[in-house]
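The values are calculated or read from the model by the stated rules, or taken from the named source; none is laboratory data. All values reported here derive from a predicted model rather than from experimental measurement. As a convention, Cβ positions derive from the backbone with ideal geometry for all residues, glycine included, and neighbour counts pool all protein chains shown. Accessible surface is based on the protein model in full, side chains and every heavy atom, while ligands, DNA and RNA are left aside. Shrake-Rupley method; radii C 1.70, N 1.55, O 1.52, S 1.80 Å.
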Amino acid sequence: MFRVRALPTIVAGALPCAERETCAERRDAVDAWTNGAWIVPATLSLCVLLLVSAGCGYQDMADQPHYEPLEASEFFAEGQASRPLISGTVARGHLRIDRAFFEGQVDGKPVEVYPWLAVARQLGLLADGAESQEVDEHVRAQILERGQQRFNIFCSACHDRTGSGQGMVVQRGFPAPPSYHSDRLRAAPVGHFYVVATQGFGRMPDYADQIPPADRWAIVAYVRALQLSQHAEVGELPPADRAALPAEEDTP
Amino acid sequence: MPQIFHPSMNTIARVSIFGAVFILTAIIALLLLVVRSPYVTDVGVVREQPVPFSHKHHVGDVGLDCRYCHTSVEDSSFAGIPPTKTCMNCHSQLFTESAMLQPVRDSFATGQPLHWTRVHDVPDFVYFDHSIHIHKGIGCVKCHGPVNEMPLMWREQTLHMKWCLDCHRQPELFVGDRANVFNTAIDVQLDPVAANALVDKYHIQSKTDCYTCHR
């Protein structure tokens, strides 16, 4: 408002006045302009300016021009911004040299010995550095715990939490897997379970994408524990567990 | 000069001046209500999806764990939506004739991904990270509601800044045991003693600085 009032002096003083009459006329015109007539063209041009800038320069801060994970994209043919890996790509630090560990088999023969050290390292259960580290009972228990958790997430839907092969999905009509508690599977090498989880088996899907290798091995350790849980000799039990046995047998 | 306005106009003028105050307040109140209504916040609104995927069936009835499908929720900012292959793990054998699942089978056969409609989306100027919330014992249900009862996914919370801050100011009202984070059956508020013990145990801080979420 103050700027509008102050303007006439500046504008009027800048006008060259040759004759008094014309100058007065002009001053009248300028007065009308500065007294409010300017507002119509000014507003109009402001509107046009806003419209133009909204059309081309306007940016929505809530939806900025970068891709979020899995965002849709019109650039790629399948409309997916997160690109699938080109086959054969190896990310830094993901070179899979240790074939026994990553594939669970060497030359088509399943691994017989459980790779405790590699699993513990990959799961971050050992301090970094030192080569000759012990995988003691404490660390093994942690691996089993991890395996139990992952088994219940990924395998129990079909194999049941006990490994009987009667999980919820099987009850809804999925072909039933064999029970883990058979002589054949008890005798199978650890590598067999890892290979099944990695490549699938018959009608069982593979889990290579959903479960990282170390977790797959942890699951294998837990499957072994499950087998033992249903097939332990009474003589092998620690005294505390043996003491608990008769009490359980009494309950119907 | 004759009088233009009748004297009674004085009253009308006063009333309309007072009335303007009330009308303005009413308009502002209405705006605030609209902003908080599901019409704007999308709370409770289900979206059209290519496949009517039901968390009620898969989580509530079958008992699948969230991580079977949302595999990256524990160690990344993004929970992840499962690829078609994950659905085919079971649906290669189950409901292979179901018309509802036709888009899934097509997607698997052609390699064209399914285009799900986002239900939750914070603006791009906000940084959100799932992993820290999971590790500090905030259960999925605290933010996503009773997922195991949702035939189609809806938004349970507004995702307004106020909502984030309500919890960041007083995390002890929402914290739970880490072991129960994925358990949709457990949505209780712990008693203050137990809650504060967990806050200490998990080293939970009250993070309300602007740069926590706007970085």
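Our Cα-only numbers for the protein assembly as shown put the radius of gyration and Dmax at 34.2, 127 Å.
Distances between placed amide hydrogens fall under 5 Å for A:GLN80 paired with A:SER73, all partners being 5 or more residues away or on another chain. Counting only protein heavy atoms and using a 1.4 Å probe, what share of the accessible area of region A:99-231 belongs to carbon plus sulfur, as a whole percent? The nonpolar share, carbon plus sulfur, comes to 51 percent. From the alpha carbon centroid of region B:5-41 to that of region B:139-182 is 37 Å. With a 1.4 angstrom probe, the accessible area lost at the A-B interface totals about 2300 Å². Lysines near B:LYS56 by alpha-carbon distance under 19 Å, same-chain residues fewer than 8 away left out - which ones? Partners found: B:LYS142.
Take the alpha-carbon centre of region A:152-198, take the same for region B:56-85, and report the distance between them in whole Å. Going from one Cα centre to the other spans 20 Å. In plain terms, the chain from A:ARG99 to A:THR162 could stretch by 19.7 nm, reckoned as 0.36 nm per residue minus the Cα-Cα distance.
Label-to-label distance, A:LEU126 versus B:SER16, with points set 7 angstrom from Cα along the beta-carbon direction: 8.7 nm. Charge dipole of chain B (Cα centre as origin; +1 on each Lys and Arg Cβ, -1 on each Asp and Glu Cβ, all else neutral): 520 debye, rounded to the nearest 20. For the protein assembly as shown, the solvent-accessible area works out to 67 Å² per residue, with a probe of 1.4 Å and every protein chain left in place. Counting only protein heavy atoms and using a 1.4 Å probe, what share of the accessible area of region B:1-90 belongs to carbon plus sulfur, as a whole percent? Exposed carbon and sulfur together represent 73 percent of the surface. Placing unit charges on the Cβ atoms only, positive for Lys and Arg and negative for Asp and Glu, gives the protein assembly as shown a dipole magnitude near 1040 debye about its Cα centre. At full extension, A:HIS66 and A:GLU236 could sit 55.1 nm farther apart than now, given 0.36 nm per residue minus the alpha carbon distance. From the largest down, chain B spans 94, 50, 33 angstrom on the principal axes of its Cα atoms.
Selection among B:CYS69, A:CYS155, B:GLN170 by position relative to the dipole of the protein assembly as shown gives B:GLN170 as farthest towards the positive end (Cβ unit charges, Cα centre). For region B:95-172, a crude dipole built from +1 on the beta carbon of Lys and Arg and -1 on the beta carbon of Asp and Glu, taken about the Cα centre, is about 160 debye to the nearest 20. Relative to its residue count, region A:99-231 spans a Cα convex hull of 111 Å³ per residue. For region B:46-64, a drop of 20 Å² or more in accessible area on going from the chain alone to the assembled protein chains (1.4 Å probe) is found at B:ASP61, B:VAL62, B:LEU64. Under 18 Å Cα-Cα from B:LYS201, which aspartates and glutamates qualify once same-chain neighbours fewer than 8 residues away are excluded? Result set, ordered by chain and number: B:GLU172, B:ASP177, B:ASP191. For chain B, hydrophobic long helices are taken as DSSP H runs at least 20 Å long by C-alpha position along their axis with mean Kyte-Doolittle hydropathy of 1.0 or more; these are B:9-36. Taking all protein chains as they are arranged and a probe of 1.4 Å, the heavy atoms of B:VAL15 leave approximately 90 Å² accessible to solvent. Work out which residues of region A:68-111 lose at minimum 30 square angstrom of accessible surface when the other protein chains are put back, relative to the chain isolated, with a 1.4 angstrom probe, and list them by number. The answer is A:GLU68, A:PRO69, A:LEU70, A:GLU78 - residues whose exposure falls by at least 30 Å² when every protein chain is included.
Sites count as exposed loop sites when they are GluC sites (Glu not before Pro), lie in a DSSP loop, and have at most 16 other Cβ atoms within 10 angstrom; the longest stretch of chain B without one is B:98-215. Considering only B:TRP154, B:CYS143, B:PRO2, and ranking their Cα positions along the charge dipole of chain B that arises from unit charges at the beta-carbon of Lys, Arg, Asp and Glu, the one farthest toward the positive end is B:PRO2.
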